[in-house]
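Report on the following structure.
The values are calculated or read from the model by the stated rules, or taken from the named source; none is laboratory data. Predicted model only: the values in this text are computed from it and were never measured. All Cβ positions, glycine included, derive from the backbone under ideal geometry; neighbour counts span all protein chains shown. Just the protein is used for accessible areas: all its heavy atoms, side chains included, with ligands, DNA and RNA removed. Shrake-Rupley method; radii C 1.70, N 1.55, O 1.52, S 1.80 Å.
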Amino acid sequence: DAGVTQSPTHLIKTRGQQVTLRCSPKSGHDTVSWYQQALGQGPQFIFQYYEEEERQRGNFPDRFSGHQFPNYSSELNVNALLLGDSALYLCASSSTGPVRELFFGEGSRLTVL
Amino acid sequence: GENVEQHPSTLSVQEGDSAVIKCTYSDSASNYFPWYKQELGKRPQLIIDIRSNVGEKKDQRIAVTLNKTAKHFSLHITETQPEDSAVYFCAAMCALTFGKGTMLLVSP
């Protein structure tokens, strides 16, 4: 079982650019959540996707958008990048039902210059 | 939304001592409280969790207690070892709201 996989692992962008991050959930999981983790901080919830729809959203602007595909994989898109968007972006998958454990990927480290 | 406060931000102990990390939450509807351990440069990994219908849960050297009335929960690590050194995050459901983390440093 490959667990949660994310790509790319590292990337550098400049202000104003757009970025797309990708996530494949753990086998058997159908729900994907995205988190932003700034240096020295806890992960901050961005949004959660289930059945190809955004189900919950944290306090992030509309520049942050996402998508979930029929195979449960997901993308996080950030437009008009700001310096403050530099962070580790973590994808976590889970399955519906009473067990709510989140399995995290290794993350995508985004640096905005 | 949910707000999770975590204390202390850094905790230094001697090997073999116990470590306690405390969290409070704001949303009385939260009913799932996991703890994650994140080693440097690694992903957060679940180490223990507790649901609102249980007051305490133990797994070897790790235990978690929950006080729903006071809206706080704690992580207890006994007989700490250097490999326990990491950042520990508490969280509260529904969408997981994380505390800011506690850096645990265990000196041999």
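Filter segment A:38-65 for residues that are closer than 16 Å to A:Pro25 by Cβ and surrounded by 18 or more Cβ atoms within 10 Å (Cβ to Cβ); which is farthest from the other protein chains (Cβ to nearest Cβ)?
A:Tyr49
In segment B:74-105, which residues are of a type in the set (Val, Ile, Thr) and either closer than 18 Å to A:Gly58 by Cα or open to solvent by 10 Å² or more (accessible area, probe 1.4 Å) (or both)?
Keep residues of segment B:74-105 that are of a type in the set (Val, Ile, Thr), which gives B:77-78, B:80, B:87, B:97, B:102.
Scanning segment B:74-105 gives B:Thr78, B:Val87, B:Thr97.
Mind listing just one residue for me: the one in segment B:61-108 that is aromatic (Phe, Trp, Tyr) and under 9 Å from the mean Cα position of the chain (by Cα) and, of those, nearest to B:Ser28 (Cα to Cα)?
Going through the qualifying residues, I end up with B:Phe73.
Yes/no per residue for (1) facing chain A (nearest Cβ under 9 Å); (2) in a helix (DSSP H, G or I); (3) not aromatic (Phe, Trp, Tyr):
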{"position": "B:Lys37", "(1), (2), (3)": "no, no, yes"}
{"position": "B:Leu46", "(1), (2), (3)": "yes, no, yes"}
{"position": "B:Lys58", "(1), (2), (3)": "no, no, yes"}
{"position": "B:Thr65", "(1), (2), (3)": "no, no, yes"}
{"position": "B:Ala70", "(1), (2), (3)": "no, no, yes"}
{"position": "B:Ser74", "(1), (2), (3)": "no, no, yes"}
{"position": "B:Thr80", "(1), (2), (3)": "no, no, yes"}
{"position": "B:Tyr88", "(1), (2), (3)": "no, no, no"}
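Quick check: anything in segment B:11-31 open to solvent by less than 60 Å² (accessible area, probe 1.4 Å), farther than 25 Å from A:Val32 by Cβ and assigned to a loop (DSSP other than H, G, I, E, B)?
Yes; the residues of segment B:11-31 include at least one that is open to solvent by less than 60 Å² (accessible area, probe 1.4 Å), farther than 25 Å from A:Val32 by Cβ and assigned to a loop (DSSP other than H, G, I, E, B).
Do we find that A:Tyr35 is within 14 Å of chain B (Cβ to nearest Cβ) and either over 14 Å from the mean Cα position of the chain (by Cα) or within 24 Å of B:Cys90 (Cβ to Cβ) (or both) in this structure? Give the derivation first.
Details: within 14 Å of chain B (Cβ to nearest Cβ): yes; either over 14 Å from the mean Cα position of the chain (by Cα) or within 24 Å of B:Cys90 (Cβ to Cβ) (or both): yes.
Yes; evaluated as a whole, the condition is true for this residue.
Can you find a residue that is open to solvent by 80 Å² or more (accessible area, probe 1.4 Å), on the phi > 0 side of the Ramachandran plot, modelled with pLDDT under 95 and in a loop (DSSP other than H, G, I, E, B) anywhere in segment A:21-31?
Going through segment A:21-31, the residues open to solvent by 80 Å² or more (accessible area, probe 1.4 Å) turn out to be A:22, A:27.
Going one step further and asking which of them are on the phi > 0 side of the Ramachandran plot, we end up with none.
Within segment A:21-31, not a single residue is open to solvent by 80 Å² or more (accessible area, probe 1.4 Å), on the phi > 0 side of the Ramachandran plot, modelled with pLDDT under 95 and in a loop (DSSP other than H, G, I, E, B).
Could you tell me how many of the residues in segment A:54-95 are of a type in the set (D, E, K, R), at pLDDT 95 or above and not in a loop (DSSP other than H, G, I, E, B)?
The qualifying residues number 2.
In this structure, does A:Arg15 turn out to be touching a helix residue (DSSP H, G or I) at 6+ places or on another chain (Cβ under 7 Å), open to solvent by 30 Å² or more (accessible area, probe 1.4 Å), of a type outside the set (A, V, I, L, M, F, W, C) and modelled with pLDDT of 95 or more?
Working: touching a helix residue (DSSP H, G or I) at 6+ places or on another chain (Cβ under 7 Å): yes; open to solvent by 30 Å² or more (accessible area, probe 1.4 Å): yes; of a type outside the set (A, V, I, L, M, F, W, C): yes; modelled with pLDDT of 95 or more: yes.
For A:Arg15, the condition - touching a helix residue (DSSP H, G or I) at 6+ places or on another chain (Cβ under 7 Å), open to solvent by 30 Å² or more (accessible area, probe 1.4 Å), of a type outside the set (A, V, I, L, M, F, W, C) and modelled with pLDDT of 95 or more - is met.
Among the listed residues B:Asp49, B:Asp59, identify the single one that is acidic (Asp, Glu) and either at pLDDT 95 or above or open to solvent by 30 Å² or more (accessible area, probe 1.4 Å) (or both). Spell out how you get there, then give the answer.
On the way: B:Asp49 fails: either at pLDDT 95 or above or open to solvent by 30 Å² or more (accessible area, probe 1.4 Å) (or both).
Result of the check over B:Asp49, B:Asp59: B:Asp59.
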